[in-house]
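Asks: Below you'll find the structure I mean.
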Amino acid sequence: MKWALRSRMLFGCGILICGAVYIQMGLYIVHMIWGWQSTFNLFTWCTHWMREFGLLSVIHLLNVFVAGTFLLIIYYICTQLIGGARALKYIYKLTDFNLTTYYVERYPNLSLRKELVVIHTDEPVALACGLFRRRIVISSGLIQLLDEKELEAVLYHEHYHLRHYDPLKTFLLTLGVSTIGYIPILKSILFNYKMVREIMADHDAITKAGTPVGLGGALLKLLGISVNSGFQSGVVSSFAAESTVNDRIAWILEPEKELPLRISGSSLLCSVFILIALFAVFNVVPH
C-alpha cells in the first residue's frame, strides 16, 4: 500500500469517527435545549427509553457526559492555542534576524521568506509549528551540530510538513484522542498517521537532496535529544520525535521493505463494539 494512500485512509477514518460522534452529541444537545427532533440520534433515543423505564438519574448522567465532552473540546482547543501562542512568543524572543535572512536567501527554492525562523540557542531545535501561521524553526545550535547536507535535508523535511498543513491535521486527530479517547482505535490511528507523515516527509527530503545520507545523519545526531518545554505544544511537530524515529531509520535503511501499520485486533474490535453501541442499535430499535 502506498504511503499517500495510507495517509489519506488514516486521516479520513480518524476524522470520520470523531465527526460522527461529535455530530451525534451536538444533535442531542440541540434536542435537549431547543427540543429539535432528529430522525437519527442515538442519545435522543437513549433518553426516550430511559424515561420509559423510569431511569431519570441515568439521563442526568448522560447529559453530564455529553456536556462534559464539549467542555473538554473547548478546554483542549483553548489550552493548545494558548500553548502555541506562548511557543511562538518564545520563538520570537530568541529569533536571530541576521541568521534568518541568511538562510532564507541561501535556500531560495523553498520560498521561506515568511516561514523560516532561526533562533539563537545552543539547543539543537528543528520543528514545524502553527496551525495557520505556519513556521519552520531551526536553531543556531542545530546549525553548528549538522553539516550542510544534513541541514538541507532537515529543511526539506520540515518544508514538506508546512506545505501539507501537517501540524493542523495532527492537531485535529489529537483533539479526538484527547476528548473521546474511550474509542481506542483513535490512538492507533494517530500514532500511525504521525509515522506515515514523517516517512512521507523523509521521502520528499531524500528525493530533493538526491541522497539519504544527509537525512540519516541528521536523525542519528538528533536521536534522543528532547525539545525544550517552551517549544512543546499540540501545534508543534519536532523533526526527531522519539515516537517515530526508529521506524524512520528502519525505512531509510530498507526503503523497499513494507512497514506494517500498528493496529491491534483487540483495539479494533473494542472500537467497533463501541461504535455499534453508539450508532447501529438505533436502526433496529423502534422509537
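The values are calculated or read from the model by the stated rules, or taken from the named source; none is laboratory data. Treat the numbers as computed from the prediction; the structure is a model and nothing was measured. Here the Cβ positions follow ideal geometry from the backbone for every residue, glycine too, while neighbour counts run over all protein chains shown. Surface accessibility is based on the protein's heavy atoms, side chains included, excluding ligands, DNA and RNA. Shrake-Rupley method; radii C 1.70, N 1.55, O 1.52, S 1.80 Å.
Asks: For the pairs Lys194/Lys221; Lys187/Lys221; Lys208/Lys257, note any where the Cα-Cα span goes beyond 27 Å.
Replies: Values: Lys194/Lys221 21 Å; Lys187/Lys221 29 Å; Lys208/Lys257 21 Å.
Checking Cα-Cα distances, Lys187/Lys221 exceed 27 Å.
Asks: While we're on this one: Residues with beta-carbon under 13 Å from that of Val137, excluding Val137: net charge, scoring Lys, Arg +1 and Asp, Glu -1?
Replies: Values: positive: Lys89, Lys93, Arg133, Arg134, Arg135; negative: Asp96, Glu115, Glu123, Glu158.
Net local charge, Val137 excluded: +1.
Asks: Same structure again: Please give me the summed charge of the neighbours of Lys114: other residues whose Cβ is under 11 Å from its Cβ, Lys and Arg +1, Asp and Glu -1. Can you show the working numbers first?
Replies: Numbers: positive: Arg113, Arg133, Arg134, Arg135; negative: Glu115.
The answer is +3.
Asks: Are there any GluC sites (Glu not before Pro) in region 104-197 that are in a DSSP loop and have at most 15 other Cβ atoms within 10 Å? List them by number. Don't jump to the answer; show the numbers that get you there.
Replies: On the way: sites: Glu105, Glu115, Glu148, Glu150, Glu152, Glu158; in loops: Glu115.
Passing sites in region 104-197 do not exist.
Asks: Could you order Cys18, Cys78 so the one with the most accessible surface comes first? Probe is 1.4 Å.
Replies: Details: Cys18 10, Cys78 65 Å².
Solvent-accessible surface, decreasing: Cys78, Cys18.
Asks: On to the next question. Ignoring ligands, DNA and RNA, please state the percent of accessible area on region 98-224 from carbon and sulfur, probe 1.4 Å. Please report the intermediate quantities before stating the final value.
Replies: Working: 2790 of 5060 Å².
Answer for region 98-224: carbon and sulfur cover 55 percent of the accessible area.
Asks: Check which residues have an amide H placed less than 5 Å from Ile119's amide H, if you skip close sequence neighbours.
Replies: Asp96, Ile138, Ser139, Ser140
Asks: Further question on the same structure: Quick one: 3J(HN,Hα) in Hz for region 116-131, Karplus 6.51/-1.76/1.60 with θ = phi - 60°, rounded, Gly and Pro as x.
Replies: Going residue by residue, I get 8, 10, 9, 10, 9, 7, 6, 6, x, 10, 8, 7, 10, 9, x, 7 Hz, with x marking Gly and Pro.
Asks: On a 1.4 Å probe surface of the protein chains, which of Thr79, Thr244 comes out largest in accessible area, and what is the full order?
Replies: Working: Thr79 50, Thr244 5 Å².
My answer, sorted largest first, is Thr79, Thr244.
Asks: Per residue, how much accessible area does region 117-182 have with a 1.4 Å probe, in Å²?
Replies: On the way: 2300 Å² over 66 residues.
It amounts to 35 Å² per residue over region 117-182.
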